[in-house]
There are 4 protein chains.
Amino acid sequence: MRGYKQPTVSVIGASGYSGAELTKILARHPSVKLDKLYAFSQAGKKTTDLYPWLAVDMTYEAYDGEFDSDICFLTLPHGEALKLVPDLRNAGKMVIDLSGDFRLKNAEEHLRFYGREKPDDACMTYAMPELFHEEIRNATAVSNPGCYATSIILGLAPLILKPQDSAKVNTVCCSGISGISGAGKTAKTELSFSEMNDNIRAYKVARHQHTPEILQTLGTSATEPSFGFTFTPMIAPLTRGIYTILNIALDKHLPVSEITELYRSFYISAPFVRVREMPPEILHVAHTNFCDIHVAESGKDGSVVVITAIDNLVKGAAGQAVQNMNIMLGYDEALGLT
Amino acid sequence: MRGYKQPTVSVIGASGYSGAELTKILARHPSVKLDKLYAFSQAGKKTTDLYPWLAVDMTYEAYDGEFDSDICFLTLPHGEALKLVPDLRNAGKMVIDLSGDFRLKNAEEHLRFYGREKPDDACMTYAMPELFHEEIRNATAVSNPGCYATSIILGLAPLILKPQDSAKVNTVCCSGISGISGAGKTAKTELSFSEMNDNIRAYKVARHQHTPEILQTLGTSATEPSFGFTFTPMIAPLTRGIYTILNIALDKHLPVSEITELYRSFYISAPFVRVREMPPEILHVAHTNFCDIHVAESGKDGSVVVITAIDNLVKGAAGQAVQNMNIMLGYDEALGLT
Amino acid sequence: MRGYKQPTVSVIGASGYSGAELTKILARHPSVKLDKLYAFSQAGKKTTDLYPWLAVDMTYEAYDGEFDSDICFLTLPHGEALKLVPDLRNAGKMVIDLSGDFRLKNAEEHLRFYGREKPDDACMTYAMPELFHEEIRNATAVSNPGCYATSIILGLAPLILKPQDSAKVNTVCCSGISGISGAGKTAKTELSFSEMNDNIRAYKVARHQHTPEILQTLGTSATEPSFGFTFTPMIAPLTRGIYTILNIALDKHLPVSEITELYRSFYISAPFVRVREMPPEILHVAHTNFCDIHVAESGKDGSVVVITAIDNLVKGAAGQAVQNMNIMLGYDEALGLT
Amino acid sequence: MRGYKQPTVSVIGASGYSGAELTKILARHPSVKLDKLYAFSQAGKKTTDLYPWLAVDMTYEAYDGEFDSDICFLTLPHGEALKLVPDLRNAGKMVIDLSGDFRLKNAEEHLRFYGREKPDDACMTYAMPELFHEEIRNATAVSNPGCYATSIILGLAPLILKPQDSAKVNTVCCSGISGISGAGKTAKTELSFSEMNDNIRAYKVARHQHTPEILQTLGTSATEPSFGFTFTPMIAPLTRGIYTILNIALDKHLPVSEITELYRSFYISAPFVRVREMPPEILHVAHTNFCDIHVAESGKDGSVVVITAIDNLVKGAAGQAVQNMNIMLGYDEALGLT
């Protein structure tokens, strides 16, 4: 796949929010050429009508199974990519899928959390660049992480994955707050302005589909987790952003400074992770591909509070997808993202 | 109708935003008894599930044409009240309709602005309490004004309706900004939080259905208006409230103080109109039945700027409806509204 | 104190947000008479200018130490009530203080969390009606709980305080999200609209002054807690409301249904606590004195997720203060609050 | 000035919102080199602390009068640029001032609207690129238009400035709604989140300082305007954006299609003005340098409604300033802006 002068890229499912963000980034990317935007219910419409801020003038085309570009991004509702990806891979296309279809190795967990069967082998390289850079570089088809999963995994990985004589994680309790664009561009009463303005609402407590993805990535499973894990997702009245509070119980006390140092060193080569001295804010990361992390507290009893923030549409979706594409193409992973 | 010790009241179409506001006011009203809440798609659901803030425990019932209460409020989508009101009136019920069905005298204008035919005589007393107190007191069936119409008519009436040697209005240009609850509790992509947060959008410019209602009430018509009239409605990212800028061109200059005095004297007996020295704010009137009015500017060329603010769900709907009920029942018009 | 036909009430510090909410409730309360509103920097101004939505016409007066009413509410910045309350109590006034000045029994903890010394005996009955009804009924001076403290204590009390053979709480991790009115009516850049719109920000992680108040009320202390306790407060872009996620680790598994039943029975006589089957929402409790509680999840490892929601200005401040006044006066505790 | 390979640019007053937006654009601009950021109260702080989303790592320096770069942008409170610009011009620097200091030719009007005296000759080329491209190209010091002024002038210019046998403008009534960032990064109670969330507020009706700027640019004056002009500014709960409703009274009727065509042809060479078929939305232009314009209505009486939308921080400030710099340097005017 490498060696293209300027590979062509198309997006299937381009008319949603992640698709629009992807269009924005790809249209300005210096080393790929944005070719086609495919949509379904919106086919025939123009980018200038749906997303005038894009300053891109293209028409959404219906997808008929013919794919001529070199690289394919898929931003489709869960279940749809499963049907399209096999043909794309057979045709030798580079594939980056943003849905949940190919994230879970365990088909049973997929059934339990997505309510859908999938083939046992329907799993692609889980493309979290900060953890699996090598695998991504060697892959031709990857599965882009979920938005909550990105913010939670990046906030936990140093303490859980770092091989060392350090403290062991016993339990993790996450509170995650998402902007409402995370629910996609859909007409639902409960996501209307009048229902969400001035409101906060928890949902899918301990049942969110990113749970098995997080646990799988951290080396354990949702069925038999090696540490306690509880995740409470919420939506709040903002369009973009994910903010997570990670309450981690270690089996011994580590001072904040030591944990901060561990995080700094873990992410030393990660251009989009910033370990900061102050609590993150959504406005600090909105419209960027950064994940800001702050080690806020460490109690004598081993309790630790880590806080992370990302833009769900960028680092939680389109930005990370392009970061993965850059790695797959052998480019600087930050190309077109700053 | 007068003489009831404590008349019973029911609401048909109670599960929408205006219905909920009406339920809140009627449930606390000292001199009526809230009897039944009728709904359609939401029949069978409970107030405690749909609107827990109501602190009212009732079940929405399906409406089968049987109406046992003394007074009927209808908060239905346009077109539905037309079907139900005749039977209710024949049965001797007191009727207060919050839709646009019975507002316009001119069936042609109704067709043009609502896109629906209606019988020529389908018109009830237009119940703007500050203008038609006597008629309302004598009526048994009234049509409650629209939200924009309320805020605009109250801001124009003193200059247009007051018989005097004063200046004549040549043209009126209105900009009206509405909170999004004005569009009702519906699932529409363009009213989702992600589409309206941080956004402003004009719509139905010079075509809004409140236009003929405003002109009819001010003594002229949409077809042959006696003064120029342009209305530009917008929605902005707030749930409640209507804010209107009224640019009025008079044929001669009147100082701000004189116009303010004219407004004060016009509304001297109106308990819910406040003529104020400062520009109104939505927060000043939210959750109240007040209409705040400010005469902001008067140019030497006869131009005048009047600004008004109301809560669209209260003075623009449910609150005004109860104010009308109070008048019809011979109660203090502010009963249960402060 | 009991036996007053209609006692008179005044508020010192009435011009802030809690003061305005208090004014609203007291002005409509059927069995007390609102007498005076005292303010400091706003003395001389009128309620009709500062809070036109109140529909109350009074002038804020400067407080000169003379207090003629029967009952005194104080809504002052921390540290100020300490100076005024002794005289008020000596004069035989009934006192309800909404600040943090008299909440903590331990003067050292007060110094640590409020950064101010206070006399050892500067502590009044901690007036959480759902826990200390009897003490409040017998008190003439009470300290009204903090907003976060209210929402967290009510969410934990049944599991921690209920004497039974049941599971023991080992650790509690709270994430609390507050509306921005909780910070008061102050001019701070970081609380300006442009800084908080579309934003979320954690602050005072594990250092919030409500921590010792929560622990003291739950029978332990911030200095030597008998269970692990971590509290992460955040602000989000809404004006009113507190939403808390309580991650509780029990030493054994209890099913959700059993815990829910425990909560129901614990709050059986509490008119303002609603144990609900669905996650609470801020819009469900905004402008009400309710605390909604939902037992969301209980893992086999003993982990429990409880979610609570209140309006910070009502149940978290003014509403609860009036609830306490009602109890102190021997009234129905819900009087004037629904 | 032209002929620089890559001129150096610095910003005086860089720590405010316009300064941050300018920093963002200049740091990514392909043909200038961002050199220094000067601030006053924020001197010594870092961009990574004040605006982490910038992804720029620089320190705000105190300005001591020494200016070494080729180009100077000034984003200072009104009155401050007056003191600094003469020295900068004497030193041969290219100057782009974003304040109101050098916009008005008439010192009396400046005094009346800004409350400050200024020298009669303190006026620089008024740099609205769509109107004065040639003058800007030849200038070495320009005054960047105000945000409201930009959105209003662009919406009126074709009808007022276009020499033709067409209709003459008699009066203009503007309603303008601004995002709150337009008020700058300041601590003011009335701009706090709690005061502006769910609120709309008019201010400075017919007294806004952009009025004389608009009239001067359209060929007349605030003192003796050749057409009626009334401007009502408002703020609404969004951070960015200006939305204006322009009610124009012509002396004869022109159909919408003809006016639209006039606008299209007037802006044929303007890369950042889009004449559109639908009402603009703030979300369509947010974070872009576009001005969207829609001719919404044209009545038989000669009334016309034109609606415009811009991002106040981009086309209304920093973006337009860079557009001007591009023109002054002989670059493509859109360089670094898309």
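The values are calculated or read from the model by the stated rules, or taken from the named source; none is laboratory data. Just so it is clear, the model here is predicted, and its values are computed rather than measured. Note: ideal-geometry Cβ built from the backbone for every residue, glycine included; neighbour counts use all protein chains shown.
What is the residue count in region C:160-197 for residues that are surrounded by fewer than 22 Cβ atoms within 10 Å (Cβ to Cβ), within 12 Å of chain A (Cβ to nearest Cβ) and in contact (Cβ under 8 Å) with a residue 24 or more places away in the chain?
Within region C:160-197, residues that are surrounded by fewer than 22 Cβ atoms within 10 Å (Cβ to Cβ), within 12 Å of chain A (Cβ to nearest Cβ) and in contact (Cβ under 8 Å) with a residue 24 or more places away in the chain number 1.
Take region B:175-223 and flag every residue that is out of contact with any helix residue (DSSP H, G or I) (no Cβ under 6 Å at 6 or more places or on another chain), closer than 18 Å to residue B:103 by Cα and not small (Gly, Ala, Ser).
Correct list: B:207, B:208, B:211, B:215, B:216, B:220, B:223.
Right, residue A:288: of a type in the set (Ser, Thr, Tyr), under 26 Å from residue A:27 (Cβ atoms) and touching a Phe, Trp or Tyr at 6+ places or on another chain (Cβ under 6 Å) or not?
yes
Of the residues B:19, B:44, B:13, which single one is under 22 Å from the mean Cα position of the chain (by Cα), in the same structural domain as residue B:138 (by TED's automatic domain parsing) and over 21 Å from residue B:92 (Cα atoms)?
The conditions single out B:19.
Please find, among A:301, A:311, A:332, A:292, the residue that is farther than 30 Å from residue C:294 by Cα and touching a strand residue (DSSP E or B) at 6+ places or on another chain (Cβ under 9 Å).
Working: A:301 fails: farther than 30 Å from residue C:294 by Cα; A:311 fails: farther than 30 Å from residue C:294 by Cα; A:332 fails: touching a strand residue (DSSP E or B) at 6+ places or on another chain (Cβ under 9 Å).
Answer to the selection: A:292.
Quick one: count up the residues across region D:182-202 that are in a helix (DSSP H, G or I) and under 18 Å from residue C:238 (Cα atoms). Show your work before the answer.
Filtering region D:182-202 for residues in a helix (DSSP H, G or I) gives D:182-183, D:189-191, D:193-196.
Next cut, under 18 Å from residue C:238 (Cα atoms) only: D:189-191, D:193-196.
So the count comes out to 7.
Considering only residues that are over 21 Å from residue C:85 (Cβ atoms) and of a type in the set (Phe, Trp, Tyr), look in region C:18-58 and name the one that is nearest to the other protein chains (Cβ to nearest Cβ).
Checked region C:18-58; the qualifying residue nearest to the other protein chains (Cβ to nearest Cβ) is C:53.
As an exercise: evaluate residue B:206 against (1) at pLDDT below 95; (2) more than 7 Å from every other protein chain (Cβ to nearest Cβ) and give the number of the one condition it does not meet.
(2)
Going residue by residue through region D:16-24, is there one that turns out to be surrounded by 16 or more Cβ atoms within 10 Å (Cβ to Cβ) and at pLDDT below 95? Reasoning before the result, please.
Kept after step one, since they are surrounded by 16 or more Cβ atoms within 10 Å (Cβ to Cβ), are these residues of region D:16-24: D:16-24.
Next, only the ones that are at pLDDT below 95 stay: none.
No, that holds for no residue.
Can you tell me which residues in region B:48-60 are assigned to a helix (DSSP H, G or I) and either of a type in the set (Gly, Ala, Ser) or over 24 Å from the mean Cα position of the chain (by Cα) (or both)?
B:48, B:49, B:52
Can you tell me which residues in region C:240-253 are of a type in the set (A, V, I, L, M, F, W, C) and touching a helix residue (DSSP H, G or I) at 6+ places or on another chain (Cβ under 8 Å)?
Of everything in region C:240-253, those that are of a type in the set (A, V, I, L, M, F, W, C) and touching a helix residue (DSSP H, G or I) at 6+ places or on another chain (Cβ under 8 Å) turn out to be C:242, C:246, C:248, C:250.
Go through region D:96-112 residue by residue and tally those that are over 16 Å from the mean Cα position of the chain (by Cα) and crowded, with 22+ Cβ neighbours inside 10 Å.
Matching residues across region D:96-112 total 1.
Can you tell me how many residues within region D:72-101 are under 22 Å from residue D:147 (Cβ atoms) and in contact with a helix residue (DSSP H, G or I) (Cβ under 7 Å, 6 or more places away or on another chain)?
12
Report, by residue number, each residue of region D:265-307 that is in contact (Cβ under 8 Å) with a residue 24 or more places away in the chain and either within 20 Å of residue D:237 (Cβ to Cβ) or outside the structural domain of residue D:152 (by TED's automatic domain parsing) (or both).
Matches in region D:265-307: D:279, D:280, D:281, D:282, D:284, D:285, D:286, D:287, D:307.
Answer yes or no: is there a residue in region A:78-95 that is out of contact with any Leu (no Cβ under 6 Å at 6 or more places or on another chain), among the aliphatic types (A, V, I, L, M), surrounded by fewer than 17 Cβ atoms within 10 Å (Cβ to Cβ) and at pLDDT below 95.
No, the conditions are met nowhere in region A:78-95.
Could you figure out which of (1) under 17 Å from the mean Cα position of the chain (by Cα); (2) closer than 18 Å to residue A:236 by Cβ isn't true of residue C:208?
So the condition that residue C:208 fails would be (2).
So which residues in region C:276-295 are crowded, with 23+ Cβ neighbours inside 10 Å, closer than 20 Å to residue C:256 by Cα and hydrophobic (A, V, I, L, M, F, W, C)?
C:291, C:293, C:295
Among D:81, D:39, D:43, which is in contact (Cβ under 8 Å) with a residue 12 or more places away in the chain and under 25 Å from residue D:287 (Cα atoms)?
Checking each option against the conditions leaves just D:39.
When only residues in region A:65-95 that are acidic (Asp, Glu) and either part of a loop (DSSP other than H, G, I, E, B) or within 28 Å of residue A:203 (Cβ to Cβ) (or both) count, which is nearest to the chain's Cα centre (by Cα)? So that I can check it myself, show each step before the final result.
Let us first name the residues in region A:65-95 that are acidic (Asp, Glu), namely A:66, A:68, A:70, A:80, A:87.
If we keep only those that are either part of a loop (DSSP other than H, G, I, E, B) or within 28 Å of residue A:203 (Cβ to Cβ) (or both) as well, we get A:66, A:68, A:70, A:80.
On the way: A:66: 27, A:68: 26, A:70: 22, A:80: 18 Å.
Among them, the one singled out is A:80.
Of everything in region C:112-145, what is outside any helix (DSSP H, G or I), within 14 Å of residue C:330 (Cβ to Cβ) and in contact with a Ser or Thr (Cβ under 8 Å, 6 or more places away or on another chain)? Give them in sequence order.
Residue satisfying the conditions is C:139 alone.
When only residues in region A:213-252 that are surrounded by fewer than 22 Cβ atoms within 10 Å (Cβ to Cβ) and without any contact (Cβ under 8 Å) to a residue 24 or more places away in the chain count, which is nearest to the other protein chains (Cβ to nearest Cβ)?
A:225
Which numbered condition in (1) closer than 20 Å to residue C:39 by Cα; (2) among the hydrophobic types (A, V, I, L, M, F, W, C); (3) in contact with an Asp or Glu (Cβ under 7 Å, 6 or more places away or on another chain) is the only one that residue C:72 fails?
Failed condition: (3).
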